[in-house]
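**Q** What follows is a single structure, and I will ask about it in a moment.
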């Protein structure tokens, strides 16, 4: 494909994008308050589509990754979105209802309430690591709120992006839901549009650029970013038990999960034993990773090279590297990266200063939970934090010493699946939240309304101020 052809395609998609945006704006003006029943129907359409086309999505994601576990797609993508849509549909009436508020005596008589109204046209920028879930879960929240939605999927998962565009076009007119395909130029132009809300999922570095673009239009943003999510094992917790849980969380989707344990902190002196226990569990869960269809590949050659360079850097520095047995010749895919544990890597290595986003688990020691908390608090606030302790009191005290977007006690990642909890980051790991009612509210404007009768006593305190005004002032100030 020539540069001229690429430029023509980019300009063509940009023109389409602008046209779709105008159409959605106009459609929203024509129908500002989509009925609750119509919104429920929208969500049912998504549920039915995923049930009917789930295998097609599994094949598309598998093609994009070079090998993506169908079980992981079923759990982390299809099943997740179906549960999200079903939950929203079941609770939508309550979420969307007007909320009455008390009126103070000084303002009586009158009625106060909050209307929950759709913001308008919403933009969703989805990443490649869960290309179906992270496009459709925000879509569910936005449709539940009554918004129009434009989705920009990742260019790193073209087969999935194409299928998203095809399936959603069968369900919705473009002035309701549209998928915009393309690379970085299209993504930049997408974020420059004056959306009524913009949700971005991806790296912190790009998240800063998205926030800057949105700021030009005063577009409110939700940023779902990443960070080095720590996992801490308290001295009272069994290492083998922790290893089993952490190995699953770390190596699911080959570590390409924003809330995967990024590094582990074990009691000082137990680092090697814990690392070996994690490797034993990884080998048991994913034997023969070269040919194991349940073990996912790395999404791109560039990302694979980055992970390889991270490991070689710490290996050269003398760190102990444990890796699953791996015969590259049998893999049939050059992007398979085996489960890897690194014992005590240098603190200034890329492995310990950058988000890993792959199947590499650094293990470092701590001298008690206070020491672990101090180490974590020196860095950016993570998207997730995991603490393993037999004592709920100990775990909760540790949570009180730290800050993170979300957290898990004795289990990684599952907090994301609790629909009634907010999911989001804090500081460098993101801003804003969604899922469940929090997602509905993200795309909703809460409009406060005060209704007064035809005649209201407030007219008595208008200028010129006199005795009636003094009476009301005393009531107000006590």
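The values are calculated or read from the model by the stated rules, or taken from the named source; none is laboratory data. The structure presented is a predicted model; accordingly, all values stated were derived computationally and were not measured. Cβ sites come from the backbone with ideal geometry, for glycine too, and all protein chains shown count toward neighbours.
**Q** With respect to residue 298, determine if the residue is within 25 Å of residue 416 (Cα to Cα) and either at pLDDT 95 or above or assigned by TED's automatic domain parsing to the domain that holds residue 406 (or both).
**A** Against the criterion (within 25 Å of residue 416 (Cα to Cα) and either at pLDDT 95 or above or assigned by TED's automatic domain parsing to the domain that holds residue 406 (or both)), residue 298 qualifies.
**Q** Read through the list (1) farther than 18 Å from residue 246 by Cα; (2) outside any helix (DSSP H, G or I); (3) touching a residue at least 40 places away in the same chain (Cβ under 8 Å), then give the number of the only condition that residue 345 fails.
**A** (3)
**Q** Taking the stretch 54-67 as the region of interest, how many residues are under 16 Å from residue 286 (Cβ atoms) and under 20 Å from the mean Cα position of the chain (by Cα)?
**A** Residues that pass the stated criteria total 1.
**Q** Kindly provide the set of residues from the stretch 352-375 that are surrounded by fewer than 24 Cβ atoms within 10 Å (Cβ to Cβ), touching a helix residue (DSSP H, G or I) at 6+ places or on another chain (Cβ under 9 Å) and assigned to a helix (DSSP H, G or I), ordered by number.
**A** Within the stretch 352-375, 352, 369, 370, 373, 374 meet the criteria.
**Q** Out of the residues in the stretch 296-322 that are surrounded by 17 or more Cβ atoms within 10 Å (Cβ to Cβ) and out of contact with any helix residue (DSSP H, G or I) (no Cβ under 7 Å at 6 or more places or on another chain), state the one that is nearest to residue 154 (Cα to Cα).
**A** 303
**Q** Let me ask something else about it. Quick one: residue 97 ticks every box in (1) free of Cβ contacts under 8 Å to residues at least 40 places away in the same chain; (2) under 23 Å from the mean Cα position of the chain (by Cα) bar one, so which box is it?
**A** Among (1) free of Cβ contacts under 8 Å to residues at least 40 places away in the same chain; (2) under 23 Å from the mean Cα position of the chain (by Cα), the lone unmet condition for residue 97 is (2).
**Q** Could you check how many residues of the stretch 166-218 are in a helix (DSSP H, G or I) and on the phi > 0 side of the Ramachandran plot?
**A** Here the count works out to 0.
**Q** Could you check the stretch 38-80 and list, in sequence order, the residues that are in contact (Cβ under 8 Å) with a residue 60 or more places away in the chain and closer than 24 Å to residue 146 by Cβ?
**A** 39, 42, 43, 45, 46, 49, 50, 80
**Q** Please verify whether residue 118 is over 27 Å from residue 258 (Cα atoms), crowded, with 24+ Cβ neighbours inside 10 Å and in contact (Cβ under 8 Å) with a residue 60 or more places away in the chain, treating the condition exactly as stated.
**A** Yes: the conditions hold for residue 118.
**Q** Additional query: Quick one: is residue 327 surrounded by fewer than 20 Cβ atoms within 10 Å (Cβ to Cβ), within 28 Å of residue 63 (Cβ to Cβ) and assigned by TED's automatic domain parsing to the domain that holds residue 299?
**A** Yes.
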